[in-house]
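Values in this text are rule-based calculations from the coordinates and carry no lab data. Not measured: the values here are computed from a predicted model. In this analysis, Cβ positions are derived from the backbone assuming ideal geometry, glycine residues included, and neighbour counts consider all displayed protein chains.
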Amino acid sequence: MNTITIQTAQNIEVEYDVASLGDRIVGRIIDGLIQGAYVLIFMLFFFWGNFAGGADREGILIILFIIVLLPVVFYDLVMEQFFNGQSIGKKVMKIKVISLDGGQPTFSQYLLRWLFRLVDFSLTGSLGALISVAASENKQRIGDMVAGTTLIKTIPRTTLQHTLYVEPVQKPEYKAMYPDVIHLSDTEVQLIKDVLMNYQKTGNSVLLYQAAEKIKTVLHITTQQESRDFLYQLLTDYNHLAGSNNS
């Protein structure tokens with residue numbers, strides 16, 4: 001399976017499985033069927049209204065345009081913006097849009113992807129998207145290249161047995177060694193886990209050291225703990241503090 005290594009804003013490399021061309025095609029077909037069914041339902045209402053003769057034809061056409069065409073036209077943009085980079089088809093196929101900097105795309109990135117659907121699909125009969133995804137290193141259609149995005153698999157590459165798990169501390173007297181860890185974002189905490197998992201698999205101590213030094217700088221921490229022990233301690237403290245805040 002193709003993978004992509006993304007350099008995050010914290011200068012940490014994270015590896016993702018890239019969505020395959022087949023994943024994209026099936027997801028697009030699912031979205032197309034949903035949109036087609038939506039249009040068909042409202043077209044039936046439209047023709048029923050005509051036959052019934054109970055409404056003005058021009059008024060029906062305006063309503064039809066607003067209710068039917070606009071949601072179809074803006075379907076992908078709205079879904080990706082409000083549903084974490086996923087349309088219904090993408091969610092079914094367990095793929096999502098991600099920025100090449102490792103974060104969630106901005107609205108402008110989603111907008112560029114959406115605008116370039118005209119080039120990827122409409123003007124080229126989908127050949128533009130097919131060729132660019134098949135040929136590009138990061139499996140990007142033209143809209144992705146312009147927007148700086150790609151599609152990745154949302155299913156973790158590792159199995160449950162290989163997943164890093166730090167058991168929450170249940171002792172009420174437990175005192176976090178690094179309480180400022182609670183200020184890290186979910187993405188930053190996940191990056192710590194990714195680095196530790198990478199170390200477990202590859203023994204890459206250089207990446208471990210770089211990640212630890214970066215976190216120390218962000219949280220203004222001075223410690224002599226080994227990098228691996230330090231990162232594990234951060235996760236333990238984070239799980240304890242996050243659990244206390246939610247209880």
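Going highest first, how would you order 185-191, 225-231 by mean Cβ packing within 10 Å?
Details: 185-191: 14.7, 225-231: 17.1.
Ranking, from highest mean packing down: 225-231, 185-191.
If the chain between residue 5 and residue 33 were fully stretched, how many nm would it gain, using 0.36 nm times the residue separation less the Cα-Cα distance? Could the numbers behind the result be given before it?
Details: separation 28, 0.36 × 28 = 10.08 nm, distance 3.31 nm.
Taking 0.36 nm per residue and subtracting the Cα distance, the gain is 6.8 nm.
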